[in-house]
Number of protein chains: 2
Amino acid sequence: MAQLKNNAITSRDEDFAQWYTDVCKKAELMNYSSVKGFINYLPYGYAIWEEIQNYLNKRFKAEGAENVYLPMVIPESMFAKEKEHVEGFAPECLVATYGGGKKLEDPLIIRPTSEILFSDLYKNILNSHRDLPKMFNQWCSVVRWEKTTRPFLRGSEFLWQEGHCLFETEEQARHNVETFLDIYDDCGRNVLAIPFVKGRKTEHEKFAGAVATYSIEALMHDGKALQSGTSHYLGTGFAKAYGIQYLGRNNKLEVPHQTSWGVSTRLIGAVIMVHGDDNGLVLPPYVAPTQVVIVPIRQKEPGVLEACEDLKNALLEQGIRVKLDKDDSKTPGWKFAEYEMKGIPLRIEVGPRDLANGQVTLVERLNGEKSLVTLDYIKENIPAVLKDIHVAMYNKAKEHLEHSIKDVENVEELNAAIADGGYARMAFCGEAECELKIKEITGGGTARCIYKDIEEGGKPCPVCGKPSTIIAYFAKAY
Amino acid sequence: MAQLKNNAITSRDEDFAQWYTDVCKKAELMNYSSVKGFINYLPYGYAIWEEIQNYLNKRFKAEGAENVYLPMVIPESMFAKEKEHVEGFAPECLVATYGGGKKLEDPLIIRPTSEILFSDLYKNILNSHRDLPKMFNQWCSVVRWEKTTRPFLRGSEFLWQEGHCLFETEEQARHNVETFLDIYDDCGRNVLAIPFVKGRKTEHEKFAGAVATYSIEALMHDGKALQSGTSHYLGTGFAKAYGIQYLGRNNKLEVPHQTSWGVSTRLIGAVIMVHGDDNGLVLPPYVAPTQVVIVPIRQKEPGVLEACEDLKNALLEQGIRVKLDKDDSKTPGWKFAEYEMKGIPLRIEVGPRDLANGQVTLVERLNGEKSLVTLDYIKENIPAVLKDIHVAMYNKAKEHLEHSIKDVENVEELNAAIADGGYARMAFCGEAECELKIKEITGGGTARCIYKDIEEGGKPCPVCGKPSTIIAYFAKAY
């Protein structure tokens, strides 16, 4: 039988990795499955994902993207056609070899990503330039056989969305790549209260099979970066490999330009590690499954529960996600600790003494601030208070991110900056070889994305001495 | 390259199976994937599923069910513990044997259903009677290795939801089984415009590992039944096999009572086959991705497109799912046929001549009825018109269902009734052996569910002569 709950967690400074695992488990976001390398997404964690889905689905649909669902398996023979892609993914594949008790002639790879299946679908439904653009998206899980796993960050199976689009021109495709990267950025700004650094990936870090990959990168409390979403311009490589063609405006067969973009349940990991503190999770209001919890004090005294119900209904009517915890087998103190662990943005304590004065106590999870306010104040101001909390959380995270960015000129400075935590910007040649050397020297620092291209006349690359072509953000990353 | 679209479909009377496939493809609900046995859920088909999800999610959450996500694979060693269950599912399993290039010590079965993983999860999180009830649900896909497949009805992978619950008492568990079966029934009545026959399954037809299975069964246009949702009382079998226990009210370890319930994308198949006609799909308004399509006539004439936009905005504001098709490369006639094929409940034709009189033409997909109405009428009455259509569709389907039910006394009558199409009710002993004989004699008729239990003194079973214990609904089924 499972252990009874114990709210003690490791402090962030003592052991950030252990703190993270503690929060994931104690806030009941997930637990480890008996299936090695896999996790169970528990209701509280899954509900955060549902809020992210709600926001993104609206934004995607407003851009004309349509949801579909494609098979979860890819025949090995079909997988092999795009060379770079298959080389990138083959080492991580889970492969089914038996179906209905018989050996399969063509083994089936559990999808690690679906560029191939979307290409195959598009080959069959695309006829004319009038059918373009096509913007399909699917919400599903993918499997990547990872050796080391970490809840939400790296696991054998994770939930994500993957958009796959076709366009007539490179310009339209590149515009799409940007548009959806911006939507992810907006999701950080408007929902997760997370600012991102964004930009193109280096040649070494780009997606297997892409012409160009763009990413948003967040900064965790411990100074490490977390790639939080990617958007790829795929060019015509997949289209050519899988035979996608259409009758163009000039009545000739043309090959479309392709893109793909995705975010995953990693975003939950970002929320935990950007905002959490030593008391547990701190959830930004717009992604919090419960935004306000009402805790009655001495709830048997007359009027207390009635006042709680009244407040709850007033907040529900405004569309606020509110929970009233009437469980009388738990003390208010136990509940305070529990909902702090769960990161609920606002707590309202309703007790007989305050009520006698028409007041209740409002407590903010973010800073622990308590205030005595009137019942009317609660009924009228909670949306504004939640908004203020959101802004405060975003600004705090933004300050942390911006203060972390250091401009450096050589590998020694880079090493020192990265060891300090956060991002360091440095010009270099952009070659994979130099990037790998930098990774070695800094004990794991990688180019997260490109800050700026250097048109010409770049200073010598600090590693190889050739002219620098880009200024990149470097950091250690999850 | 794919064929250009051609709207001709087989008529229902000529070849219902071919008609069904034609509609699925021509209405662009799905197409066949290059992965054998799998389909692609295209935007129009997937959007129907999203409407079903919206309705059910609200109902599930109102009952206290919480969404989670569990791994898509089950280790073979774990699968083997519940004997009946594994025997039922083993022949249909897809099995992964390689991960990350290495042979797996314990092969992984792609989930055909998740009773086992939910049991394993519950074992780890259930502590006390205070934790009960637990009602977890997940939306996911499952894989069953089927030899013959049919879009939405039977396929190697399909989308569904599976709820898995735990209760202290058998009574609570059985109540839950009923509650969620009723929710499915409501989904038919309120959303899909489909009436169901519902009841307990016979011993022979129940879920592998269940104490009792209940189902809703719809009647297709061709007189065949379609099992459209199931709800199972699992008793304590899984709980005992997987070691789920909790500290009960009397401070002793107790075993919980378990249930599971699910519906799948089969419901899309039901919608097609209950409502469709020889012009294609006929969608019930509350599940239609597009409820109203506006088609401009002679759209270049002044005022036409403006009037269309104005109507569209008026309908959008009322939350109606409306589409305005301004594509001037297609004729109005082409569009009429296209949106008939797609089953959009209402079409509004906006042309200059009618507009001059402040009127437009409203066409109902269900019966083809056309009426000239004022612009004000459209702006005010569409929700009521959609409701009327919904009621008319439900009543039409209900009449078909009720007229089909025949009470019969012996196997000859049963045979004739089943050959006629629809349901026949007959008393019999309820034993698997007699059920199998009936199936043989009737060329495939099966007991769909139980109409009534016979307390005592049942007439002799028409097959074996033993006293009848149940009156069951028999039909041929998909």
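Just so it is clear, none of the values below were taken in a lab; they were calculated from the coordinates. This structure is a prediction, so every number in the text was calculated from the model and none was measured. Virtual Cβ from ideal backbone geometry, glycine too; neighbours counted across all protein chains shown.
What's the local net charge at B:Thr10, with K and R +1, D and E -1, over the other residues with C-beta under 9 Å away?
-3
For chain B, what does -39500 (n - 2.57) per DSSP helix run (n ≥ 4), summed and divided by total residues, give at 222 nm, in deg cm²/dmol to the nearest 500?
The helix-only estimate for chain B comes to -10500 deg cm²/dmol at 222 nm.
How far is helix B:432-441 tilted, in degrees, relative to the longest principal axis of the Cα atoms in chain B, given as a value from 0 to 90 rounded to the nearest 10?
Here the helix axis deviates by roughly 40 degrees.
What does the convex hull of the Cα atoms come to per residue for chain A, in Å³?
174
Considering only DSSP beta bridges whose two residues both sit in the stretch A:292-388, what percent are antiparallel, to the nearest 5?
55
Once amide H atoms are placed 1.01 Å from N in the peptide plane, what residues at a sequence separation of 5 or more from B:Gly276, or on another chain, have their amide H within under 5 Å of its amide H?
Sorted by chain and number, the residues that satisfy this are B:Val282.
What's the angle, to the nearest 10 degrees (0 to 90), between helix B:16-26's Cα axis and the longest principal axis of chain B?
60
Looking at A:Cys429, A:Pro462, A:Asn415, which one has the Cα that reaches farthest to the positive end of the dipole of the stretch A:405-476 (charges on Cβ: Lys, Arg +1; Asp, Glu -1)?
A:Asn415
Within 10 Å of each residue's Cβ, count the other Cβ atoms and sort B:Glu217, B:Glu66 from fewest upward.
So the ranking, lowest neighbour count to highest, is B:Glu66, B:Glu217.
Using modelled backbone amide H atoms (1.01 Å from N, in-plane), which distant-in-sequence or interchain residues come within less than 5 Å of A:Arg150's amide H?
Here the answer is A:Gly155, since their amide H atoms fall under 5 Å of that of A:Arg150.
When you count, for each residue, the other Cβ atoms within 10 Å and take the mean per peptide, how do B:318-324, B:165-171, B:67-73, B:23-29 rank with the highest first?
B:67-73, B:23-29, B:165-171, B:318-324
Averaged over A:100-111, how many beta carbons belonging to a partner chain fall within 10 Å of each residue's beta carbon?
4
Taking N as the number of residues in the stretch A:78-175, what is its alpha-carbon radius of gyration divided by 2.2 N^0.38 Å?
Compared with the compact-globule rule of thumb, the stretch A:78-175 sits at 1.28.
What is the set of long-range amide H partners of A:Gly351 at a cut-off below 5 Å, with H atoms built 1.01 Å from backbone N?
When sequence neighbours closer than 5 places are left aside, the close amide H contacts are A:Ile297, A:Thr361.
Project the alpha carbons of the stretch A:16-275 onto their principal axes and report the range along each, largest first, in whole Å.
Per principal axis, max minus min of the Cα coordinates gives 61, 49, 32 Å.
Looking at the stretch A:298-371, which GluC sites (Glu not before Pro) are DSSP coil and have at most 10 other C-beta atoms within 10 Å of their C-beta?
Those satisfying the criteria are A:Glu369.
Around A:Pro71, under 12 Å between beta carbons, what's the net of Lys plus Arg minus Asp minus Glu among the other residues?
So the surrounding residues net to 0.
Given R₀ = 45 Å, FRET efficiency for A:Lys398-B:Tyr32 by Cβ-Cβ distance, to 0.05?
Once rounded, the FRET efficiency stands at 0.35.
Where both residues lie in the protein assembly as shown, what percent of DSSP beta bridges are antiparallel, nearest 5?
85
Considering every residue in B:126-139, what mean count of other chain Cβ atoms within 10 Å of its Cβ is obtained?
2
Tell me the Rg and the Dmax, in Å, that the Cα atoms of the protein assembly as shown produce.
Calculated on Cα positions, Rg and Dmax stand at 30.0, 100 Å.
Can you give the local net charge around B:Glu433? Use residues other than it whose beta-carbon is closer than 14 angstrom to its beta-carbon, Lys and Arg +1, Asp and Glu -1.
-2
With θ set to phi - 60° and the Karplus curve 6.51 cos²θ - 1.76 cosθ + 1.60, what are the ³J(HN,Hα) couplings of the stretch A:84-96 in order, to the nearest whole Hz, using x for Gly and Pro?
4, 4, 5, 5, x, 9, 3, x, 10, 8, 9, 10, 8
Give me A:His232, A:His390 sorted ascending by neighbouring Cβ count inside 10 Å, so fewest comes first.
In order of increasing Cβ crowding within 10 Å: A:His390, A:His232.
Counting partner chain Cβ atoms within 10 Å of every residue's Cβ in B:35-48, what's the average?
6
In the stretch B:292-388, what is the volume of the convex hull around the alpha carbon atoms, normalised per residue and reported in Å³?
87
About its Cα centre, how strong a charge dipole does the stretch A:98-232 have in debye, to the nearest 20, once Lys and Arg get +1 and Asp and Glu get -1 at the Cβ?
For the stretch A:98-232, the charge dipole is close to 440 debye.
Quick check: pseudo-label points 7 Å beyond the Cα along Cα→Cβ at B:Asn251 and A:Arg189, how many nm apart are they?
Taking the simple label geometry, B:Asn251 and A:Arg189 are separated by 6.1 nm.
Over the stretch A:405-476, calculate the relative contact order: mean separation of alpha carbon pairs under 8 Å at least 6 apart, over the residue count, as a percent.
Averaging sequence separation for qualifying contacts and normalising by length gives 38 percent for the stretch A:405-476.
Using just the Cα positions, wrap the stretch B:367-478 in a convex hull and report its mean projected area in square nanometres, one decimal place.
The Cα convex hull of the stretch B:367-478, projected and averaged over all directions, gives 9.6 nm².
Report, in degrees rounded to the nearest 10, the 0 to 90 angle that the Cα long axis of helix B:170-187 makes with the longest principal axis of chain B.
20
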